[in-house]
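Note sheet for the following structure.
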Amino acid sequence: MTHLKYFLYLFFLNSIFVLCIFYLSENFNKPFADLNNVDIGRAIVVGIVQFSCFFLIPDLQSKFPEIRGETKYIILFSSMVTAGLTILFLVSIYPTI
């Protein structure tokens, strides 16, 4: 049960991170000079969200000391792949909804 909880936390964090990357790539394809204040504000908020993901993952690893280190890395890698594939699937079907 502990492994599943750890996987779900990582899956949630990685999903948010991948969604932020998709948001940035879809909405900021114009030159920096053409961005207005709202666009810059959105980019700052997305940057804060991504920056917080980098701090929450190591903190999360310290909250589960009963899981071995090798197992943590396997779960981290599998959650990254699963989150990426899930978000890719959801983004690909979004225009058809």
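The values are calculated or read from the model by the stated rules, or taken from the named source; none is laboratory data. Please read these numbers as outputs of a predicted model, since none were measured by experiment. Ideal geometry is used to build each Cβ from the backbone, glycine not excepted, and the neighbour counts take in all protein chains shown.
Taking region 22-34 as the region of interest, how many residues are touching a residue at least 12 places away in the same chain (Cβ under 8 Å) and either among the aliphatic types (A, V, I, L, M) or farther than 19 Å from Thr82 by Cα (or both)?
3
Within region 59-87, how many residues turn out to be in contact with a helix residue (DSSP H, G or I) (Cβ under 8 Å, 6 or more places away or on another chain) and of a type in the set (A, V, I, L, M, F, W, C)? So that I can check it myself, show each step before the final result.
Here is the first cut: in region 59-87, the ones in contact with a helix residue (DSSP H, G or I) (Cβ under 8 Å, 6 or more places away or on another chain) are 60-61, 64, 66-67, 71-72, 75-76, 78-80, 82-84, 86-87.
Next, only the ones that are of a type in the set (A, V, I, L, M, F, W, C) stay: 60, 64, 67, 75-76, 80, 83, 87.
Total satisfying the criteria: 8.
Pairs, please: C-beta under 7 Å, at least 6 apart or cross-chain, first residue closer than 20 Å to Phe22 by Cβ and in region 61-85, second of a type outside the set (A, V, I, L, M, F, W, C) and assigned to a helix (DSSP H, G or I)?
Correct list of pairs: Ser79/Asn14; Met80/Asn14; Ala83/Asn14; Ala83/Ser15.
For region 35-46, indicate whether the set of residues that are free of Cβ contacts under 8 Å to residues at least 60 places away in the same chain and within 15 Å of Leu10 (Cα to Cα) is non-empty.
no
Determine which member of the set Ile48, Ile74 is under 16 Å from the mean Cα position of the chain (by Cα) and either modelled with pLDDT of 85 or more or aromatic (Phe, Trp, Tyr) (or both). Please lay out each step first, then the result.
On the way: Ile74 fails: under 16 Å from the mean Cα position of the chain (by Cα).
Only one candidate passes the filter, namely Ile48.
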